[in-house]
Amino acid sequence: MLNARTLSGENTMVMDNIANLGNSSFLLRLNDAERAELLALGKKQTFRRNELIFRAGANSDYAYILLDGRVKIYQIASYGKEVILWFCFPGELFGLSEIFNGELREAHAEACRDLTVLAIPYVELRSYLARHANASMNIIDMLAGRVRILSNAMLNLVADDVNSRVMKLLYRLACCYGQRNGEAIRLPMHLTHQELADMIGTSRQTVTVVLGELRREGIIEIKNHVISILQPERMKPSEGDVNHIHFEQTAAMTGIAI
């Protein structure tokens, strides 16, 4: 566990890393005392790029807080294709789904770059949540949001063409993590075309073509592998779309005006 001397430094590092990600971060929703107590429960671990933090079928003894870098949570389809369920960014909690009932891991968690996490033992986390109702409610909200993401992704896969799926994915990322820059919304992360493709069930080549079309139409801009949405209204799902309400609620919660 972190001792009192290192806690302040860890807390500062975490807050520096998540300050630009908006209120989507779990840690930003905690007050200072709740956050400090939670961080004190963890043991710092480092992972290299492409290293697995946990794998499907492993015991679920720990939950993790990402301090820096990016983690992808994914499953492997029966035919061998990687299906990305979501990404975790600094300040976010992951590895929760199975620990409360002691089941084996159902997904893989892989470091997208060299990174640092805090590993929190299940017993310690459960005791912490019993003492802090605000943290417990935020975890419920977070897990419910991930369920909505997955259910909407399944519906989109069946009902939408690939252009719509790409646009909805970018719009969702903007609602969760976007940074306003005048009329544009910047996505503060580097996502490869392959990663975007693996999130919506298509090929890298197809995503490249769609992004190219969106650039030519002036809807997005890509500089140094960072995407900015120049015309958010053209990406916004219609009011009759099941994604519309979810995206609106997410944007309201994170304080991102879209």
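Among K44/K81; K168/K223; K43/K81; K44/K72; K43/K168, which pairs are too far apart, with a Cα-Cα distance over 26 Å?
Violating the 26 Å Cα-Cα cut-off are K44/K81; K43/K81; K43/K168.
I'd like the carbon and sulfur percentage of the solvent accessible area for segment 62-103, probe radius 1.4 Å, heavy atoms only, ligands and nucleic acids excluded.
50 percent
Within a Cβ distance under 13 Å of E183, other residues only, what is the Lys/Arg minus Asp/Glu net charge?
Net local charge, E183 excluded: +1.
Report the gain in length on full extension from A130 to Q75: 0.36 nm times residue separation, minus Cα-Cα distance, nm rounded to one decimal.
16.7 nm
May I ask for the distance between the Cα centers of segment 137-210 and segment 78-97, given as a whole number of Å?
Result: 13 Å between the Cα centres.
How large is the accessible surface per residue of segment 68-156, computed with a 1.4 Å probe and reported in Å² as a whole number?
That works out to 43 Å² for each residue.
Under a Cβ-Cβ cut-off of 11 Å, what is the net charge of the residues other than Y122 that fall near it, where Lys and Arg count +1 and Asp and Glu count -1?
Local charge sum for Y122: -2.
Across segment 96-104, in residue order, what do the Karplus-derived ³J(HN,Hα) couplings come to in whole Hz, using 6.51 cos²θ - 1.76 cosθ + 1.60 with θ = phi - 60° and x for Gly and Pro?
For segment 96-104, the Karplus curve yields 8, 3, 9, 6, 6, 10, x, 6, 6 Hz.
Expected output is a single nm value to one decimal: the length gained when fully extending between I140 and T192, i.e. 0.36 nm times separation in residues minus the C-alpha distance. What is it?
The span from I140 to T192 would gain 15.7 nm if fully extended.
Taking the simple approach of a point 7 Å from Cα along Cα-to-Cβ for both D61 and N31, what is their distance in nm?
Using points 7 Å along Cα→Cβ, the separation is 3.5 nm.
The values are calculated or read from the model by the stated rules, or taken from the named source; none is laboratory data. Nothing here was measured: the structure is a model prediction, and the numbers come from that model. No Cβ is skipped: glycine too gets one built from the backbone with ideal geometry, and neighbour counts run over all protein chains shown. Keep in mind that these areas ignore ligands, DNA and RNA; they rest on the heavy atoms of the full protein, side chains included. Shrake-Rupley method; radii C 1.70, N 1.55, O 1.52, S 1.80 Å.
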